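For reference, the structure discussed in these notes is given below.
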Amino acid sequence: MTAVGSAVDVVVVGGGPAGMVAARDLAGAGARTVLVDESAQLGGQYYKRRSGAVLAQAGDLRRRGTALAAQVHAAGVDVRSRTLVWGVADDGRTLLTDRAGEPGEVTARLVVLATGAHERVLPVPGWELPGVVTPGFALHLATIDRVAVGRRVLVAGSGPFLLPVAVALLDVGVEVAGVLEAGRPYRVDAGALGAVRHPARVLQFAGYRARLAAAGVPVRQGRRVLAVHGTDRVEAVTVTGPRGEHREQVDALALGWGFRPSTELAGLLGCATALDPVSGARLVRADDDGGTSRPDVLVAGEVAGIGGVGLATARGAQVAVTAARRLGLDVPAAGAARAARAVRAERRAADWTRARFAVDPPPRPAGNAVLCRCEAVTVAEVVGAGTADPDAVKGLTRAGMGPCQGRQCLPALAQLGLLDGRPAAFPARMPVRPVPLGVLAAAGRALPRLEPPHGPADSAVPGSGAGPTPVAGRTGR
Amino acid sequence: MSGSRPAADRHGPPPAPTRRRWSLRGARATALVPDVALEVDGRPVPATSGQSLLAALVAAGAWSQRLHPVTGRPEAGICGMGTCQACVVTVAGRGAVRACGTEVEDGLQVTTAAGRERSR
């Protein structure tokens, strides 16, 4: 690991499409670049790659990602895999890392956050049963591991992601009971005319739908899962239908409502955030060029706003231009203009898609559903706490105190807050990812001053920003 | 992806790995040939190197992976990416690990909640 004081030019956090492109381009422009990534190999979630005998037997699923990873290494990026960033020190100039229990740190002039997104799951009663999975997990099981998540599986929630997940399940022999889309994105109306501006996207939807139709898989719009049933495993789900509710016998349920930017590290660094009026989530306030409220912190990819791999890749290239300029490196004007154009075009397509998938009325999680999976706290208990202050919710109900640090319950909390007019979000705390106590202890010895630089600055949610947060509350340091 | 293959589902899954898929019926994946053997709760479970331990557990139908620390009910991984902690199992010599972040290896001895329940 880099010794204290030997700063590099840029540290990129996250090895998905945006992080790989940003790191490759920055190293190519002459910046000393470190790329920190949690996984064993680069790719992130989108370009998650097969390995071992699965790769040998089933082939490379992500050739584009493999090529990109090779370019990152060839460009001379100092790639630190299996390494997660759990905290910051030195007013955010130093990132604290953990590599399988081995503590480390990186000090850089600029930080590029490409921390990606989490799946957004809204709770329904019974979703804590084994066999309920996120669509992304069902997909990776099918594509990366070649394992069927169940024999008969329902895919439900909302978002463009549900269709390809259902197709991937067919490919591993799953009987897909159906795709339930809560919105009505595929309706034909005035808004659908916008499709002519995004032909590639529409063609892809059509391709998935044709594939599902050929397999006899119904795609139902305006439908939801109301409850999951079973004793030790999913046995059935209750879903809404045209003539009231009915039950589907399934042994697994893939349930997801799109994605939520992983903004924990940005919050810890004190980047200003703004409220997303659709999901209730707090998003990092970022300029088109990737700049945040902190001149030494930039964002790229899904953490800057959900838009998919095309937008993430474009933002990766754009943020490399911005970072290179801030470092005083030469950036060809033509390349910079191309990067900016790509971001604009991809964002238009992403905005159109998001508008098509708007769900009206927005879903309200049922009172008897478990909201906080870690601490087994129900929606009703959280609503009953009668407060909008997330720390108060934590103190009164324990919701958000578990090891997932609120990542799983935040979408529901934000959704409830939005519906009730009281947005909620937990302030980021160290460690932002679970790390061994030994790592914390070693960091504590090396860096006595371990305070986050700022409380989360927040323009859109008055009164909910907390002051500087104590360190590592759960670990008893 | 610099526009080479615009994806409708911008967040996830990519187009098919190969072109063969353009038969609408689709091609069933050929089954993998196992090359490692795990021991899950005392039973042999075949797996293919490169798979995650969680995938091997799912393939073996081992869905009672952990007992919930508060409710005591069996639970299993929901996210597959290290967030939920519900797939934490015991691996001999390593202690508690997240199955999603562990690669299968020959001879790996795994104890799940179901195994602990049985041995009680």
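If you take each beta carbon of peptide A:161-173 and count the beta carbons of other chains within 10 angstrom, what is the mean?
4
For a Förster distance of 22 Å, can you work out the FRET efficiency between the beta-carbons of A:Ala392 and B:Thr71, rounded to the nearest 0.05?
FRET efficiency, A:Ala392 to B:Thr71: 0.40.
If you count, for every residue in A:309-315, the Cβ atoms of partner chains within 10 Å of its Cβ, what is the mean?
Whole-number average of other-chain Cβ neighbours for A:309-315 is 5.
To make sure I understand, if each residue's beta carbon is the centre and we count other beta carbons within 10 Å, what order do A:Lys394, A:Lys48 fall in, fewest to most?
Details: A:Lys394 20, A:Lys48 25.
Ranked by crowding around the Cβ, least crowded first: A:Lys394, A:Lys48.
List the trypsin sites (Lys or Arg not before Pro) in the stretch A:236-319 that DSSP assigns to loop (not H, G, I, E or B) and whose Cβ has at most 11 other Cβ atoms within 10 Å. Which are they?
Qualifying residues, ordered by number: A:Arg243.
Going by amide H atoms built from the backbone, whose H comes under 5 Å of the H on A:Gly157, apart from near neighbours?
The answer is A:Leu180, A:Ala182, A:Val225, A:Gly256.
From zero outward in steps of 10 Å, how is the percent of C-alpha pairs of the protein assembly as shown spread across the bins?
Once binned at 10 Å, the Cα pair distances of the protein assembly as shown give 3, 17, 29, 30, 17, 4, 0.
Rg and Dmax of the stretch A:185-242, Cα atoms, in Å?
15.9, 48
How much net charge surrounds A:Gly65 when only the other residues with a Cβ under 10 Å from the Cβ of A:Gly65 are counted, with Lys and Arg +1 and Asp and Glu -1? Walk me through the intermediate numbers first.
Details: positive: A:Lys48, A:Arg49, A:Arg62, A:Arg63, A:Arg64; negative: A:Asp60.
So the surrounding residues net to +4.
Treat the count of other C-beta atoms within 10 Å as a stand-in for reagent exposure and order A:Tyr46, A:Tyr208 from fewest to most.
A:Tyr208, A:Tyr46
Calculate, in whole percent, how much of the Cα-Cα pair population of the stretch A:47-167 lies beyond 21 Å.
When all Cα pairs of the stretch A:47-167 are counted, 59 percent exceed 21 Å.
Dividing the convex hull volume of the Cα atoms of the stretch A:293-426 by its residue count, what figure in Å³ per residue is obtained?
On the way: hull volume 18.2 nm³, N = 134.
In the stretch A:293-426, the Cα hull volume divided by residue count equals 136 Å³.
At 7 Å along the Cα-to-beta-carbon direction for both A:Arg184 and A:Val278, put a label point, then send me their distance in nm to one decimal.
Those two pseudo-labels are separated by 1.8 nm.
Work out from phi, with θ = phi - 60° and the Karplus expression 6.51 cos²θ - 1.76 cosθ + 1.60, the ³J(HN,Hα) of each residue of the stretch B:49-63, listed in order in whole Hz, and give x for Gly and Pro.
Residue by residue, the stretch B:49-63 yields 4, x, 7, 7, 4, 4, 4, 5, 5, 4, 4, 8, x, 8, 9 Hz.
Can you give the helix-only mean residue ellipticity at 222 nm for chain A, where every DSSP H stretch with n ≥ 4 adds -39500 (n - 2.57) and the sum goes over all residues, rounded to the nearest 500 deg cm²/dmol?
Working: 13 runs with 147 residues, N = 477.
That comes out to -9500 deg cm²/dmol.
So what is the relative contact order of the stretch A:125-279, in percent, for Cα pairs below 8 Å that sit 6 or more residues apart?
For the stretch A:125-279, the relative contact order is 31 percent.
Where does the charge balance sit around B:Arg73 when Lys and Arg score +1, Asp and Glu -1, over other residues with C-beta under 9 Å from its C-beta?
Surrounding charge for B:Arg73 is -3.
What order do you get for A:Thr387, A:Thr134, A:Thr353 when you list them from fewest to most C-beta neighbours inside 10 Å?
Neighbour counts put them in this order, fewest first: A:Thr387, A:Thr353, A:Thr134.
Where does the stretch A:1-89 land on Rg/Rh, using Cα atoms and the Kirkwood Rh?
1.01
Over the stretch B:30-119, what portion of Cα pair distances is larger than 15 Å, expressed as a whole percent?
Value for the stretch B:30-119 (Cα pairs over 15 Å): 54 percent.
At R0 = 56 Å, how high is the FRET efficiency between A:Asp351 and B:Arg118 if r is their beta carbon distance? Nearest 0.05 is fine.
Efficiency, from the Cβ-Cβ distance: 0.60.
Please compute, for the alpha-carbon atoms of the stretch A:258-332, the extent along each of the three principal axes and give them in descending order in Å.
39, 27, 17
Report for the protein assembly as shown the percent antiparallel among DSSP-assigned beta bridges with both residues inside it, nearest 5.
Antiparallel: roughly 55 percent of the beta bridges in the protein assembly as shown.
Per-residue Cβ counts within 10 Å, from other chains only, averaged over A:148-159: what number is that?
1
Taking the Cβ of A:Glu105 as the center, what net charge do the other residues with Cβ under 12 Å away carry, scoring Lys and Arg +1 and Asp and Glu -1?
With Lys, Arg at +1 and Asp, Glu at -1, the net is 0.
We did not get these values from a lab; they are worked out from the coordinates using the rules stated. Owing to the predicted nature of the structure, the values given are computational and were not obtained by experimental measurement. Here Cβ is always computed from backbone atoms with ideal geometry, including for glycine, and neighbour counts include all displayed protein chains.
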